[in-house]
1. Is it true that Leu70 is touching a residue at least 40 places away in the same chain (Cβ under 8 Å), closer than 16 Å to Ile148 by Cα and under 17 Å from the mean Cα position of the chain (by Cα)?
2. For the condition surrounded by fewer than 14 Cβ atoms within 10 Å (Cβ to Cβ), within 21 Å of Gly43 (Cβ to Cβ) and without any contact (Cβ under 8 Å) to a residue 40 or more places away in the chain, what is the one hit in Thr114, Thr63?
3. With the checklist (1) buried (at least 19 other Cβ atoms within 10 Å of the Cβ); (2) in a helix (DSSP H, G or I); (3) among the small types (Gly, Ala, Ser) in hand, flag the one item Ala44 doesn't pass.
4. Do we have any residue at all in the range 11-31 that's more than 21 Å from Ile129 (Cα to Cα), assigned to a helix (DSSP H, G or I) and without any contact (Cβ under 8 Å) to a residue 40 or more places away in the chain?
5. Please state which one of Ile84, Ile129, Ile61 is assigned to a helix (DSSP H, G or I) and touching a helix residue (DSSP H, G or I) at 6+ places or on another chain (Cβ under 9 Å).
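The values are calculated or read from the model by the stated rules, or taken from the named source; none is laboratory data. Computed from a predicted structure; not experimentally measured. FYI the Cβ positions are ideal-geometry reconstructions off the backbone, even for glycines, and counts take in every protein chain you see.
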Amino acid sequence: MNLNTKTQTTNHFLLFAGVCTAIAAVAHIGCIIFGAPWYRFFGAGEEMATMAEQGLIYPHIVTAVIATILLLWSCYAFSGAKRIRQLPMLKIALCVISAIFLIRGIGFVFIMPTIPDNSMTFWLVSSSICLVIGGAYALGTKKAWSQI
């Protein structure tokens, strides 16, 4: 008997979270490819943009690490939504990912002083995005809990 034929509803929360996280990863990859203008546009700060203009590898390494993490998190969302095979430590990972996004969304006031180049608009928009994605991970994880 195919276990996938059980009646199960689509977990739109985790699918949404996975797609949003994958888009964020692609945006980070775009920063690596297109350089300083993209770093500036996405609010990485003038220091990162300047280092990219100078040809330094540091901003690209940091951005590649972030993109890799975001892609991995996207896979966890799709795994929780049963779109790909179950990944190891799925419940723990989804809880941690939810928490990180939510903490980033709420905790921006503590992060702002460390990156003074960013505008208040950047902080409000990026924090709102993190809250929405974190909320989607949390709600999707709650919905999928008994099936993962």
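1. Against the criterion (touching a residue at least 40 places away in the same chain (Cβ under 8 Å), closer than 16 Å to Ile148 by Cα and under 17 Å from the mean Cα position of the chain (by Cα)), Leu70 does not qualify.
2. Of the residues listed, the single one that is surrounded by fewer than 14 Cβ atoms within 10 Å (Cβ to Cβ), within 21 Å of Gly43 (Cβ to Cβ) and without any contact (Cβ under 8 Å) to a residue 40 or more places away in the chain is Thr114.
3. (2)
4. The answer is no, given that none of the residues of the range 11-31 is more than 21 Å from Ile129 (Cα to Cα), assigned to a helix (DSSP H, G or I) and without any contact (Cβ under 8 Å) to a residue 40 or more places away in the chain.
5. Unique residue meeting the criteria: Ile129.
Conditions (1) under 26 Å from Ile111 (Cα atoms); (2) at pLDDT 90 or above; (3) not polar (S, T, N, Q), marked per residue:
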{"residue": "Met1", "(1), (2), (3)": "no, no, yes"}
{"residue": "Thr7", "(1), (2), (3)": "no, no, no"}
{"residue": "His12", "(1), (2), (3)": "no, yes, yes"}
{"residue": "Leu15", "(1), (2), (3)": "no, yes, yes"}
{"residue": "Thr21", "(1), (2), (3)": "yes, yes, no"}
{"residue": "Cys31", "(1), (2), (3)": "yes, yes, yes"}
{"residue": "Gly43", "(1), (2), (3)": "yes, no, yes"}
{"residue": "Glu47", "(1), (2), (3)": "yes, yes, yes"}
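To keep it simple, each residue is scored yes or no on (1) hydrophobic (A, V, I, L, M, F, W, C); (2) in contact with a helix residue (DSSP H, G or I) (Cβ under 7 Å, 6 or more places away or on another chain); (3) surrounded by fewer than 16 Cβ atoms within 10 Å (Cβ to Cβ).
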| position | (1), (2), (3) |
| --- | --- |
| Phe34 | yes, no, yes |
| Trp38 | yes, yes, no |
| Ala52 | yes, yes, no |
| Val96 | yes, no, yes |
| Ala99 | yes, no, yes |
| Ile103 | yes, no, yes |
| Lys143 | no, yes, no |
| Ile148 | yes, yes, no |
